[in-house]
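The values are calculated or read from the model by the stated rules, or taken from the named source; none is laboratory data. These numbers come from a predicted model, not from an experiment. Cβ sites come from the backbone with ideal geometry, for glycine too, and all protein chains shown count toward neighbours. The area values use the complete protein model at the heavy-atom level, side chains included, leaving out ligands, DNA and RNA. Shrake-Rupley method; radii C 1.70, N 1.55, O 1.52, S 1.80 Å.
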Amino acid sequence: MIKTQVIYPAVKLFGFDAFGSFVNIYSKFDIDPPLAARFFNNTFLKIYEGSNKKPADYWDSIRPVPLQTGEIADYHKKDSLELAHQDPHYLDSMDRRRNKLRPIGLIVTGQSFSHEKKRETFYINPLLKSVAYNTVEGWSGTIGGRYTKRLDTLTYSRRSIRIEPAVRYGFNNRHLNASGAFTYTAGQKYYTSFSVSGGKWIYQFNNANPITQFSNTIRTWLFERNYAKFYEAWFGKIHYTKAVGAGLRLSGDLKYEDRIPLENTSWYSFGNRKLVEFTPNYPEEIMTENFKRHQALVASMGITWQPGTQYIEYPDRIVNAGSRLPVFTFNYYQGLHNVLGSDVDFSKWRFDITDNLNLKLLGNFRYRVAAGGFFNTDSVAVIDYTHFNGNQILAAAEYLNGFQLLPYYKYSNKERWYAEAHVEHHFKGLLTNKIPLFRKLNWYLVTGANAFYVNKDKKYLEVFGGLDNIFKILRIDLVFGFEEGLAAHRGLRLSFHRFGRY
């Protein structure tokens, strides 16, 4: 049996040398312990209450090897820093530094203002998400943000509240919309979240928002293409999420919408291209005229499960550390007919399997496969159809959750069954690092495919290949799409992934 083990790690990286030492002492072996049933579970690390509050005398009494001079100095330094980081003057100075206005924050990422002593943070949405142009509202302005407050003094406490107000005004249709959301997060052991939201807002027919506000502004104002289609709604929503252990997470929603049609009110485009005109504000691919005002009350529930999930147990919480196995997700949606005047009556489901496989030297392989459809279609509004997340602009759609060349609503449907798949392989440096000179760029090859099948008349496939990590922020893909009875079409897609989707 091992009694003493000493490890001396050392590394050289980018001209820096790092080294250290670890001493492990093993004692009090028990080769036949009385273990209770199911003693070994998915917890691979457990930290007991008071583990970091023991006095120095306690550690001296059980430590067979005394601390070295350097280790004693290091502990004193860390203890002093811990106290210094709790000092009000230090917290104020850090707030002043973090709260400085930054142009990139105001325009691209948003600006945060923190007050650490009160455990509060204010966040203001960036300008790119506040100013927009579309054919329904003309130019619009949105003022929104987020207020977050931790309810406990512990830095990593889950107990918090979040308030998210927003006001939006369309200068052409003169509609004023406002909404608000309140979220309470807790969970002594596992994560729990409850939120209530409501108000009046503008939505895309596909609530997944396949075209972002910024992208739609560019396409509408400069290229006279109003791909995004909108409706307005008074709404109220309740959402609940609960992690229950063993890799399981449950969720439920109840949402009411009074859905109001919108018409185009602006036909101006800076590009003003010949032979190009704006289209009506409804999905022409599946509708011949605008939809009528109606009410919808929809309940939904979801189950997410990742087998083999492991946990780290702290005295005040349990943290999900993930698993190497896929994530399984099932969602069910029920339109509640004649409840609160609801006009919809449908039953819809979807089952997803997602995974991210680290193949080490061979790269990284990601995939998402899904199946879904309708059990009941007695009364289905276009908004509640199955929508595949298409893309008709230069900016890439969300990887593993969209199609890069697919028209937005062309294949929206209420069929009983469909299948969908997305696969993507990042070769990292497996191939590009073998090319002299080119490997100095640190550009990585990416390839993959997206496809769905509804029936023999509704099926689609696209394959792509590209380069990632260009200037550390850019990805470029060349995509080939294949539709039933049509020749292949191709296009380029760009993604500035460091800054998120706009």
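Quick one: what are the phi-derived ³J(HN,Hα) couplings along the stretch 326-342, Karplus 6.51/-1.76/1.60 with θ = phi - 60°, whole Hz, x for glycine and proline?
Along the stretch 326-342, the couplings run x, 9, 10, 10, 10, 10, 10, 10, 10, x, 8, 6, 6, 9, 6, x, 5 Hz.
Say each of VAL319 and ILE470 gets a label point 7 Å from the Cα, pointing the same way as Cα to Cβ; how far apart are those two points in nm?
3.7
Just round it to a whole percent: the fraction of Cα-Cα distances in the chain exceeding 45 Å. Present the calculation step by step, with values, prior to reporting the outcome.
Details: 32362 of 125751 pairs.
For the chain, the fraction of Cα-Cα distances above 45 Å is 26 percent.
Just to confirm a number: summing +1 for Lys and Arg and -1 for Asp and Glu over residues other than HIS294 whose beta-carbon lies under 10 angstrom from that of HIS294, what do you get?
Working: positive: ARG259, LYS292, ARG293; negative: GLU257, ASP258, ASP343.
Overall, the nearby charge balance is 0.
From the phi angles alone, apply the Karplus equation (6.51, -1.76, 1.60; θ = phi - 60°) to the stretch 310-324 and give each ³J(HN,Hα) in whole Hz, x where the residue is Gly or Pro.
So the Karplus estimates, Gly and Pro as x, are 10, 10, 10, 9, 9, x, 10, 6, 10, 10, 6, 9, x, 7, 8 Hz.
Provide the FRET efficiency to the nearest 0.05 for the ARG96-ILE143 pair, computing r from the beta carbons and using R0 = 22 Å. Display every interim value, and only then the final one.
On the way: r = 25 Å, r/R0 = 1.14.
Between ARG96 and ILE143 the formula returns 0.30.
Within the stretch 404-436, list the residues whose amide N lies under 20 Å from a label point set 7 Å along Cα→Cβ of PHE480.
Answer for the stretch 404-436: 404-407, 421-427.
Using the Cα centre as the reference, give the magnitude of the dipole from point charges on the C-beta atoms of the stretch 1-147 (Lys, Arg: +1; Asp, Glu: -1; all else neutral), rounded to the nearest 20 debye.
Numbers: 20 positive and 16 negative charges, 83 e Å.
Computed about the Cα centre, the dipole is about 400 debye.
If you average 1/r over every pair of different alpha-carbon atoms in the stretch 352-438 and take one over that average, what Kirkwood value in Å do you get?
On the way: mean 1/r = 0.0641 Å⁻¹.
Mean inverse Cα-Cα distance, inverted, gives 15.6 Å.
What lysines sit close enough to LYS28 to cross-link, taking a C-alpha to C-alpha distance under 28 Å and skipping anything fewer than 8 places away on the same chain?
The qualifying lysines are LYS3, LYS46, LYS53, LYS54.
Starting from the Cα of LYS229, draw a straight line to each of the lysines and keep only those under 30 Å, dropping any in the same chain fewer than 8 residues away.
Cα-Cα hits under 30 Å: LYS129, LYS200, LYS237, LYS255, LYS274, LYS292, LYS348, LYS410, LYS414, LYS456, LYS458, LYS459.
Which residues among the stretch 73-93 fall inside the zone where the amide N is under 14 Å from a point 7 Å beyond the Cα of VAL23, along Cα→Cβ?
The answer is 73.
Dipole magnitude of the chain about its Cα centre, charges +1 at Lys/Arg Cβ and -1 at Asp/Glu Cβ only, in debye to the nearest 20?
980
Could you pull out every residue, at least 5 positions away or on a different chain, whose amide H is within less than 5 Å of the one on ASN281? Hs are placed 1.01 Å off N in the peptide plane, and Pro or chain starts have none.
When sequence neighbours closer than 5 places are left aside, the close amide H contacts are ASN264.
Pull up all non-local amide H partners of LYS410: gap of 5 or more, or a different chain, and H-to-H distance under 5 Å with H placed in the peptide plane.
For LYS410, whose amide H was placed from the backbone, there are no distant partners under 5 Å.
Reachable aspartates and glutamates from LYS78, Cα under 19 Å, same-chain residues fewer than 8 places away excluded?
The qualifying aspartates and glutamates are ASP57, ASP60, ASP87.
So, with a 1.4 angstrom probe, what is the percent of accessible area on the chain that is carbon and sulfur? Before the final figure, lay out each step's value.
Details: 18150 of 30110 Å².
Answer for the chain is 60 percent, counting heavy atoms of protein chains only.
Using every pair of alpha-carbon atoms in the stretch 126-231, split the distances into 5 Å bins beginning at 0 and state the percent of pairs per bin, rounded to integers.
2, 11, 17, 19, 15, 10, 10, 8, 5, 2, 0
Using 0.36 nm per residue of separation minus the Cα-Cα distance, give me the extension gain between ILE7 and GLU285 in nm, one decimal. Could the numbers behind the result be given before it?
Working: separation 278, 0.36 × 278 = 100.08 nm, distance 6.62 nm.
Full-extension gain reported as 93.5 nm.
Mind checking the full-extension length gain between LEU154 and LYS459? Use 0.36 nm per residue of separation minus the Cα-Cα distance, one decimal, nm.
My answer for the length gained is 104.6 nm.
Expressed as a fraction of 2.2 N^0.38 Å, the rule-of-thumb size for a compact globular protein of N residues, what is the C-alpha radius of gyration of the stretch 5-163?
Details: Rg = 25.0 Å, N = 159, 2.2 N^0.38 = 15.1 Å.
In units of the 2.2 N^0.38 Å rule of thumb, it is 1.66.
Ignoring everything except DSSP H segments at least 4 long, calculate the 222 nm mean residue ellipticity for the chain; use -39,500 (n - 2.57) per segment, divide by total residues, nearest 500.
Helices in the chain give a 222 nm mean residue ellipticity of -2500 deg cm²/dmol.
Nothing charged except the Cβ atoms of Lys and Arg (+1) and of Asp and Glu (-1): what's the magnitude of the dipole of the stretch 193-317 about its Cα centre? Round to the nearest 20 debye. Please report the intermediate quantities before stating the final value.
On the way: 14 positive and 12 negative charges, 20 e Å.
With Lys and Arg at +1 and Asp and Glu at -1, about 100 debye.
For the stretch 160-313, what size does the Cα cloud have along each of its three principal axes, sorted from largest down, in whole Å?
Projected onto the principal axes, the Cα atoms of the stretch 160-313 cover 64, 30, 28 Å.
Does a label point 7 Å from the Cα of ILE303, set along Cα-to-beta-carbon, have any residues of the stretch 374-388 with amide nitrogen under 17 Å, and which are they?
None, by backbone N distance to the label point.
Along the stretch 479-490, what does the Karplus equation 6.51 cos²θ - 1.76 cosθ + 1.60 (θ = phi - 60°) give for ³J(HN,Hα), rounded to whole Hz, x for Gly and Pro?
For the stretch 479-490, the Karplus curve yields 10, 10, x, 10, 10, 4, x, 10, 6, 5, 10, 9 Hz.
Would you grab the residues whose amide H sits under 5 Å from the one on LEU430? Only those 5+ places off in sequence or on another chain, please, with H modelled 1.01 Å from N.
Result for LEU430 returns nothing.
Over all directions, the average projected area of the alpha-carbon convex hull for the stretch 141-184 comes to how many nm²?
Working: hull surface 13.1 nm².
The orientation-averaged projected area of the Cα hull of the stretch 141-184 comes to 3.3 nm².
Keeping all protein chains in place, calculate the accessible area per residue for the chain (probe 1.4 angstrom), answer in Å². Could you put the intermediate results ahead of the total?
Values: 30110 Å² over 502 residues.
So the chain comes to 60 Å² accessible per residue, rounded to a whole number.
If packing is taken as the mean number of other Cβ atoms within 10 Å per residue, what is the order of 30-41, 69-80, 211-222, highest first?
On the way: 30-41: 6.5, 69-80: 10.5, 211-222: 19.8.
The densest-packed peptide leads the list: 211-222, 69-80, 30-41.
Name the residue farthest towards the positive end of the dipole of the chain from the options LEU67, GLY448, LEU486, assuming +1 on Cβ of Lys and Arg, -1 on Cβ of Asp and Glu, about the Cα centre.
It is LEU67.
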